[in-house]
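Student: I have a structure here, written as structure tokens, and I will follow up with some questions on it.
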Amino acid sequence: MTDLHREPSDIIAELEALRAADAPTHGGRVLSYVYDSGVAELDELAGAAARLVQPVNGLDPTTFTSVAAMEAGVVGFARRVFGGDDDVVGSVTSGGTESCLLAVKSARDAWRSARLGTPRVPRLVAPVTVHAAFHKAAHYFGLELDLVPVDPATGVPALADLEQRLGDDVALVVVSAPSYPFASLDPVGDVAAVTSARGIALHVDACIGGFALAFWPDRLPAWDFSVPGVTSLSADLHKYGYAPKGVSVLLTRGRDRQRHQYFATTGWPGYPVVNPTMTGSKPAGPLAAAWAIIEALGEPGFRDLTGRAARATAVLRERITAIEGLRVVGAPVGPLLAVATDDSLPAERRVDPHHWADAARASGWHLQLQPGLTQSDGTVLPHTTHLTVTPVTESVLPELTAALHEAADAVRGVPPVDGALVAAGLADALPGGAGALEAAAASGLDSESAAALLRAAGLLGDGGSGGGVSGGGGAGGALPDRMAPVLALVEALPGPLTERLLVELLARVVEPPRR
Ligand SMILES: Cc1ncc(COP(=O)(O)O)c(C=O)c1O
């Protein structure tokens with residue numbers, strides 16, 4: 001009998017105290033990151049299923065045959081609801097990013113194997129609204145990312161702009177159903193017609209919306225495997241599949257195409273390695289949870305939950321549109337919304353969406369701020385605030401819409417934070433002034449200089465490397481009270497500098513305190 005160093009009950013009590021400081025995962029107050037079905041029974045079931053397979057290693061479905069059975073069940077369900085036939089096969093992955101990474105890796109390897117010996121760098125073409133997971137995939141797997149500008153009013157690219165970029169070096173085109181930033185539904189059918197005519201692979205990233213769109217109450221243009229030229233599709237079960245984090249599905253049309261996803265080697269003295277996904281050993285818990293939820297809900301249950309999210313989205317869209325000074329961007333499809341300032345109004349009647357989000361957060365509603373972006377053609381996508389709507393949102397609509405109205409009233413007429421001013425303030429706080437900032441942007445930063453800049457910006461506490469972010473209080477750091485100035489800085493500073501600073505911030509947030 002091993003003596004335990006601490007009482008399990010004490011440890012759990014400590015964890016409960018830590019959890020109490022988290023943003024609330026249930027109850028609809030956080031409108032991003034979490035997907036609350038509002039059905040406590042589903043969470044219980046997911047927990048019980050995950051617990052049952054806790055010791056299992058998902059690495060080997062021939063040894064742990066429950067993994068094979070559950071994966072076949074999940075992939076079979078996904079294939080059916082996404083209009084796939086028997087030629088569509090798939091894998092369960094750890095999340096949206098892994099599904100996207102693997103879609104790109106498979107397409108790159110298929111492209112290469114058809115052009116043996118080519119020294120060319122393959123291209124990945126996608127609208128600029130494509131999820132950042134594809135930036136990561138291009139970076140990891142050595143593809144050139146070719147982003148097509150979208151119409152700032154709708155968030156959708158012109159087909160001609162996308163078609164113009166197609167060539168023999170394009171390994172993959174990616175479209176979204178819908179996109180995260182604006183909930184825009186890319187023209188999947190039109191794009192598929194031009195990619196399939198050229199024999200180019202087409203991935204539909206339905207990570208966020210897939211399991212909602214498949215059950216959406218309104219008729220939508222075809223966006224899934226019912227479109228012949230779609231070669232792969234990703235959809236996350238840890239979003240509108242209501243499973244705990246760590247589970248997504250990647251479906252591919254054609255076994256031969258899908259086999260490029262695998263890595264296999266017998267070239268070492270250990271067990272033969274055959275991995276369909278990025279990891280080796282892997283948990284079976286998220287898979288078991290997703291499988292159990294699918295079994296419990298069936299298609300009628302998904303339809304019912306989607307109906308709730310859809311109704312809540314329609315009401316929110318209407319109510320936000322009625323708030324003077326704000327507008328919903330484009331024609332969102334699915335349970336997401338992006339909200340921008342209504343710049344048809346005079347400045348004193350406008351509402352800046354970032355101030356609005358900060359004001360809503362002060363009353364306990366967490367909306368997500370998104371930066372503006374200048375596209376390669378010079379057009380500017382507005383800075384917005386994002387709302388992910390879930391089934392539980394329907395039950396909090398009166399409080400939420402009241403809070404959104406009050407937040408708008410509190411900040412109407414307040415001009416957006418001037419990023420250039422914040423950046424200048426930051427430069428002033430540095431020993432070398434503006435020159436130091438420019439030098440930092442040009443030359444890259446070591447971690448101490450990056451931390452000094454973060455402290456000057458008020459984003460990192462002084463107390464050692466693991467110090468909290470200002471205004472948060474508590475270990476590890478929480479967000480500052482106001483995010484609008486942070487986003488203004490993101491918009492104003494050169495991208496590589498902001499990225500370096502954010503890396504430093506995240507790295508320091510999880511660093512143990514210095515001894
Ligand atoms: C469209 C889209 N693709 C990919 C992802 C990445 O998913 P994950 O965060 O599960 O890695 C997301 C996440 O929100 C998304 O919205």
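Student: Once the piece of chain linking Ala362 and Ile11 is laid out straight, how much longer is it, given 0.36 nm per residue of separation minus the C-alpha distance between them?
Tutor: 123.2 nm
Student: Roughly speaking, to the nearest percent, how much of region 251-364's 1.4 Å accessible area is carbon and sulfur?
Tutor: Here it works out to 55 percent.
Student: About the Cα centre of region 34-106, what is the dipole size in debye to 20, counting +1 per Lys and Arg Cβ and -1 per Asp and Glu Cβ, all else neutral?
Tutor: Value, rounded to 20: 160 debye.
Student: Any chance you could run the full-extension gain for Ala264 through Ser376? It's 0.36 nm times the residue separation minus the Cα-Cα distance, nm to one decimal.
Tutor: 36.4 nm
Student: Here is a further query. Mind grabbing the accessible area of Arg327 for me, 1.4 Å probe, Å², rounded to tens?
Tutor: Roughly 70 Å² of Arg327 is accessible to a 1.4 Å probe.
Student: Within 12 Å, Cβ to Cβ, of Phe77, how many net charges do the neighbouring residues add up to if Lys/Arg are +1 and Asp/Glu are -1?
Tutor: -1
Student: For the pair Val273 and Ala114, what calculated FRET efficiency results from E = 1/(1 + (r/R0)^6), where r is the Cβ-Cβ distance and R0 = 30 Å, to the nearest 0.05?
Tutor: For Ala114 and Val273, the calculated efficiency is 0.75.
Student: Tell me which of Ser106, Ala177, Leu162 sits at the most positive position along the dipole axis of region 80-213, charges placed on C-beta atoms (Lys, Arg +1; Asp, Glu -1).
Tutor: So the residue furthest toward the plus end is Ser106.
Student: By a straight-distance test (C-alpha under 16 Å), which aspartates and glutamates pair with Lys282 as possible cross-link partners, with residues fewer than eight away in the same chain excluded?
Tutor: Reachable aspartates and glutamates: Asp60, Glu71, Glu98.
Student: Please check which bits of region 114-131 a label hung off Asp161 would reach, taking the label as a point 7 Å along Cα-to-C-beta and the cut-off as backbone N under 19 Å.
Tutor: Within reach of a label on Asp161: 124-131.
Student: Is there a quick way to get the dipole size of the chain? I mean about its Cα centre, with the Cβ of Lys and Arg at +1 and of Asp and Glu at -1; what is the value in debye to the nearest 20?
Tutor: With Lys and Arg at +1 and Asp and Glu at -1, about 920 debye.
Student: Also: With point charges of +1 on the Cβ of Lys and Arg and -1 on the Cβ of Asp and Glu, referenced to the Cα centre of the chain, which listed residue (Ala68, Leu4, Ala456) lies farthest in the positive direction of the dipole?
Tutor: Looking along the dipole axis, the top candidate is Ala68.
Student: Taking the Cα centroid of region 317-350 and of region 1-38, what is the distance between the two, rounded to the nearest whole Å?
Tutor: Each part's Cα centre sits 35 Å from the other's.
Student: Could I ask something else about it? In square angstrom, rounded to the nearest 10, how much accessible surface does Ile12 have for a 1.4 Å probe?
Tutor: 90 Å²
Student: Tell me, how many Å apart are the Cα centres for region 351-390 and for region 76-100?
Tutor: 31 Å
Student: Same structure again: Roughly how many nanometres apart are two label points built 7 Å out from the Cα toward the Cβ at Ala429 and Gln54?
Tutor: 4.4 nm
Student: Ok, one more. Among Ala296, Val417, Trp356, whose Cα sits farthest toward the positive end of the charge dipole of region 296-452 (+1 at Cβ of Lys/Arg, -1 at Cβ of Asp/Glu, about the Cα centre)?
Tutor: The listed residue farthest towards the positive side: Ala296.
Student: Which lysines does Lys136 reach when only Cα atoms under 18 Å apart count, and residues fewer than 8 places away in its own chain are ignored?
Tutor: Lys105
Student: Among the helices of the chain (complete DSSP H runs), which have Cα atoms covering no less than 27 Å along the helix axis and a Kyte-Doolittle mean of at least -1.0?
Tutor: 285-321
Student: Report the label-to-label distance for Asp343 and Thr2 in nanometres (one decimal), using points 7 Å from each Cα along the Cα→Cβ vector.
Tutor: Rounded to a tenth, the inter-label distance reads 6.0 nm.
Student: Rounded to the nearest 20 Debye, what is the dipole magnitude of region 333-444 about its Cα centre when Lys and Arg each give +1 and Asp and Glu each give -1 at the C-beta?
Tutor: That gives region 333-444 a dipole magnitude of about 100 debye.
Student: Right, here's the next one. Restricting to DSSP H runs of at least four residues, report the calculated mean residue ellipticity at 222 nm for the chain, -39500 (n - 2.57) per run over all residues, nearest 500 deg cm²/dmol.
Tutor: Calculated at 222 nm, the ellipticity per residue is -13000 deg cm²/dmol.
The values are calculated or read from the model by the stated rules, or taken from the named source; none is laboratory data. This structure is a prediction, so every number in the text was calculated from the model and none was measured. Note that we place each Cβ from the backbone using ideal geometry, even for glycine, and neighbour counts take in every protein chain shown. For accessibility, only protein heavy atoms count, side chains too; no ligands or nucleic acids. Shrake-Rupley method; radii C 1.70, N 1.55, O 1.52, S 1.80 Å.
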